[in-house]
Amino acid sequence: MRSPAEVRRATPADADDVAGTLAAAFLDDPVTGWLLPAGIRHREDRLRRLFECEVHSFFGANKSVYLSGDRQSAALWAPPGTWRMTPAESRAELLPMIGIFRAGLVRASRLAKQLDEVHPKKPKHWYLYMLGTRPDAQGRGTGSAMLREGLRAVDADGSAAYLESSNLRNVPLYERHGFTVVEELRIARGGPTMWRMWRDPAG
C-alpha cells in the first residue's frame, strides 16, 4: 500500500481519480462557487465534468499531473511555454464547457481572459494550474508533499514558478515553499479575489 504522503506522476489511467479528487477539493472554493453557484441544477455533476475536462486536457498535452499515494490530493502543472491552451485545445473544450457552464459561460470566459492578460510572459516558469486535497484529508501534510514534488521538477529545470491561489487560507502554504504574493487580483464584475504568486528559481 502506498504511503498517503507519497506523490507520483499520474498516468491517464488515473484520470478519474485525479478529477474526482480535484472536484471534491474545490467544491466550496470561492472562485468555483462564483462560476458554478450553490443551488444550480446538477452542480456537483457539472463540477466533476469540469475537472474531467481539465485533467484530460493536461494528459492530452503531456503536461504534468501528480497524485498522492492515498489518491486524496492531486496537482496539475504546466511546464514552461505550455500554460496557454493552443487554438486546437480551446476548440476541443468549447462544447464541453458550454454544457458545464451554460448561462455562466460568458462569466467563465471573462475570467479566463482576465487571468490570461495578467499571466507573466517572461521569464520562463512552471505554472501550477491547480492543487487540491479532499476536505476530509486536509491537515495531514499531503498538500505540502504534493507541492514539494512538483517543485523538484521546477528546481531541476532552473525555472521560476507561478500560480493563482483562489483561497486566502492556502496562501501561507505557498509562502512556506518560497512563493510571494505579487498581486491581489479582484475578478472583474463582482467576482472574488485571487492571489497571484511567484517563486524565483532556486539558488
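Summary of computed values
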quantity	calculated
Candidate set: region 180-192, residues that are free of Cβ contacts under 8 Å to residues at least 40 places away in the same chain and farther than 18 Å from Lys122 by Cβ; chosen: the one farthest from the chain's Cα centre (by Cα)	Gly190
Helices (runs of 4 or more DSSP H) wholly inside region 1-62 that include at least 3 residues being in contact with a helix residue (DSSP H, G or I) (Cβ under 7 Å, 6 or more places away or on another chain) and among the basic types (Lys, Arg)	43-60
In region 150-172, residue nearest to the chain's Cα centre (by Cα) [restricted to those that are loosely packed, with under 15 Cβ neighbours inside 10 Å and closer than 18 Å to Val7 by Cβ]	Arg152
Any chance Arg43 is under 27 Å from Lys121 (Cα atoms) and not aromatic (Phe, Trp, Tyr)	no
Residues that are of a type in the set (Gly, Ala, Ser) and buried (at least 21 other Cβ atoms within 10 Å of the Cβ), drawn from region 125-149	Gly132, Gly143
Matching residues in region 181-203 - criterion: being in a loop (DSSP other than H, G, I, E, B) and either modelled with pLDDT of 95 or more or on the phi < 0 side of the Ramachandran plot (or both)	Ile187, Ala188, Gly191, Pro192, Asp200, Pro201, Ala202
Selected residue (criterion: nearest to Val55 (Cα to Cα)) from residues of region 80-99 that are β-branched (Val, Ile, Thr) and surrounded by fewer than 16 Cβ atoms within 10 Å (Cβ to Cβ)	Thr86
All positions within region 106-144 that are in contact (Cβ under 8 Å) with a residue 40 or more places away in the chain, among the small types (Gly, Ala, Ser) and within 16 Å of Tyr66 (Cβ to Cβ)	Gly132, Ala137, Gly141, Gly143
Selected residue (only one of Trp34, Trp77 is crowded, with 16+ Cβ neighbours inside 10 Å, of a type in the set (A, V, I, L, M, F, W, C) and within 15 Å of the chain's Cα centre (by Cα))	Trp77
Region 100-120, residues that are more than 15 Å from the chain's Cα centre (by Cα), surrounded by fewer than 16 Cβ atoms within 10 Å (Cβ to Cβ) and within 20 Å of Ser165 (Cβ to Cβ)	Arg110, Lys113, Glu117, Val118, Pro120
Residue list for region 1-29, filter: closer than 22 Å to Gly104 by Cα and touching a Gly at 6+ places or on another chain (Cβ under 9 Å)	Leu22, Ala23, Ala24, Ala25, Phe26, Leu27, Asp29
Close pairs from region 83-105: first touching a residue at least 40 places away in the same chain (Cβ under 8 Å), partner hydroxyl-bearing (Ser, Thr, Tyr) and surrounded by 13 or more Cβ atoms within 10 Å (Cβ to Cβ), Cβ under 6 Å, at least 6 apart	Trp83/Tyr127
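The values are calculated or read from the model by the stated rules, or taken from the named source; none is laboratory data. All values derive from a computational prediction rather than experimental measurement. Methodologically, a virtual Cβ is constructed for each residue, glycine included, from the backbone with ideal geometry; neighbour enumeration extends over all protein chains shown.
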